[in-house]
Amino acid sequence: MDQSSKRFFGPWIIASCFVTFGLSTGFPYYNIAFFFDYFRDGHEWTQVLVTTGAPIAVLLTIWIGPVIVPKVSPRLLILIGTFLTFLSFQWFGRLSGNEYEYYAAWCLYMTGYFLSGPIPHQIIISNWYKRRRGMAMGITYVGVAVIGALCNRLAPFLTSGARDRSQAPEWLQSLFENFTANTGTYTDSLQLLSFLMVAVWPIAIFVIRDRPEDKGQLADGDASGAVAEAPEAADSGGETRVMSFRELSGHRAFWLLLVGSAASIGSIAAVNFLMKFVYEEQGFTDQLARDQVWADASFTYLMSSILGRLMAGWLADKLPRKYVMLVTYAVVALAIPLLFLVTPEQPGMVYVFAIVFGFAMGADYMLIPLMAADLFGLRTLGKAMSAILPSDTITQFWTPRLIASLAGRLAGYSQALWAVFGLAALGAVAIGLLPRNRKP
């Protein structure tokens, strides 16, 4: 059977990456912050210490992106990275209370994130799709939101079930007894949640392929190499070779994209990671009430992010991506002050904040690789993202730590979050200064 008669395998790649990206990235990233106040209270740590584990881990593992990722099969990276994430959640659930052990567990998690997170999935989708890359990437990123949101409900349920085993379903009681330390605390929930990574492995092994050539096909399901190569030339501005890091660093656009994406992602991460502490300061002092408002906010903004991702993906295929990205980054900044309005007296405001914030957040992450491909070419995308993602990750995990420290020095998060607003505004300005890439 020749290539032209085969059914295009691309939709299966999107569906597979939808699941593996959601489990490898959406589940751990959008749920680990649920346990921050439990870490603080369970080990008698400070908020600053709890938020220090991730940034220390970033500094110790940041070399993985540029050194290892470009040299290894994306599919293999997903397998290795999710196994390390599995081990890290098991470790988080068995901490002795030593802060250095906590930092070590974060190093394991961060290594798994670098290996199995955005980069390998972005490369796989970019290899399989060119003309429809924006929509394909948008659908893939929906998996992060859907699976992350479902786990936003699962983590509180498992934690509350650990408090009272008699009210938990029989199958859940059996899992607690067989696969956890059986302590009856949030630690059991962490250990159980780690087994979600198991679902990634058969998909990565038997379904996902790094590039269409591995299935004897061409990108977008085209029937000839000439048709398939044209979109890449359009996307890459005529670039036919891989640019070096020295060449990349010589482009003003590279630094603007790096600063803009890092600033916006840092502000989003500060909200994600510190939201429980902010709610506690604003009156949600009861643990169950705080768990519930966090779950409502997280679930809502992740579901709202689905619309943001799909709309941004559609617009990115129709309009200059710079302007789509600029509007998105501006909305991120405008959404942050809405968090101040969420109080026990007006709990409904959590949905207003979450819908606006989630819409912008959903578009934010997925536009970065699309813009990088436009500016530097598809062949250089892996190398560009292996440099941009570590810088994004530094601000992604250091910003919550710095804001937590700032809140301790000021009058709490009511003042410290204005620094987050300023950081988000900086990201919008940087994107506004990018060269106007033409309509793809």
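So here's what we get for this one:
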item	result
Rounded accessible area per residue of the chain, 1.4 Å, Å²	38
3J(HN,Hα) from dihedral phi, region 396-402, Karplus parametrisation 6.51/-1.76/1.60, rounded to Hz, x for glycine, proline	4, 9, 7, 4, x, 5, 5
19 Å Cα-Cα reach of residue 383 towards lysines, excluding residues that sit fewer than 8 places from it in its own chain	71, 130
Under Karplus coefficients 6.51, -1.76 and 1.60, residue-wise ³J(HN,Hα) of region 414-427 in Hz, glycine/proline x	4, 9, 5, 5, 5, 5, 5, 4, x, 5, 5, 5, 4, x
Residue 343 long-range amide H proximity, modeled H, under 5 Å	349
Dipole magnitude (debye, nearest 20) for region 270-329, charges at Cβ of Lys, Arg, Asp, Glu	520
Residue-wise HN-Hα coupling along region 363-372, computed from phi with Karplus coefficients 6.51, -1.76, 1.60 (Hz; x: Gly, Pro)	6, 4, 5, 6, 6, 4, x, 5, 5, 4
Computed E for residue 185/residue 251 - FRET, C-beta separation, R0 35 angstrom, nearest 0.05	0.10
Projected-area mean, region 304-363, by convex hull of Cα positions, square nanometres	3.7
Cβ-Cβ FRET estimate between residue 433 and residue 94, R0 fixed at 56 Å, reported to 0.05	0.75
By average C-beta atoms within 10 angstrom, highest first, the peptides 339-350, 314-325	314-325, 339-350
Selection from 279, 38, 433 lying farthest towards where the dipole of the chain points positive, charges on Cβ	433
Residue 60 versus residue 207: modelled label distance in nm, points set 7 Å from Cα along the beta carbon direction	3.5
Spacing of the two label points (7 Å from each Cα toward its C-beta) at residue 68 and residue 340, in nm	4.3
Sulfur and carbon atoms: percent of accessible area, the chain [1.4 Å]	65
Cα-centred dipole magnitude for region 316-440, charges only on beta-carbon of K, R (+1) and D, E (-1), debye, nearest 20	520
Student exercise, the chain dipole from Lys, Arg, Asp, Glu Cβ charges, in Debye to nearest 20	1400
Segments 414-424, 38-48, 116-126, 213-223 sorted - mean Cβ within 10 Å per residue, highest first	116-126, 414-424, 213-223, 38-48
Positive-pole candidate from 315, 376, 122, dipole of the chain, charges at beta carbon	376
Förster radius 45 Å - calculated FRET efficiency between residue 7 and residue 288, Cβ distance, rounded to 0.05	0.35
Distance (nanometres) between label positions extended 7 Å along Cα→Cβ at residue 76 and residue 198	2.6
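The values are calculated or read from the model by the stated rules, or taken from the named source; none is laboratory data. In this text, all values refer to a predicted model and were calculated from it rather than measured experimentally. We place every Cβ from the backbone using ideal geometry, glycine too, and count neighbours over all the protein chains shown. Note: areas computed on protein heavy atoms with side chains; ligands, DNA, RNA excluded. Shrake-Rupley method; radii C 1.70, N 1.55, O 1.52, S 1.80 Å.
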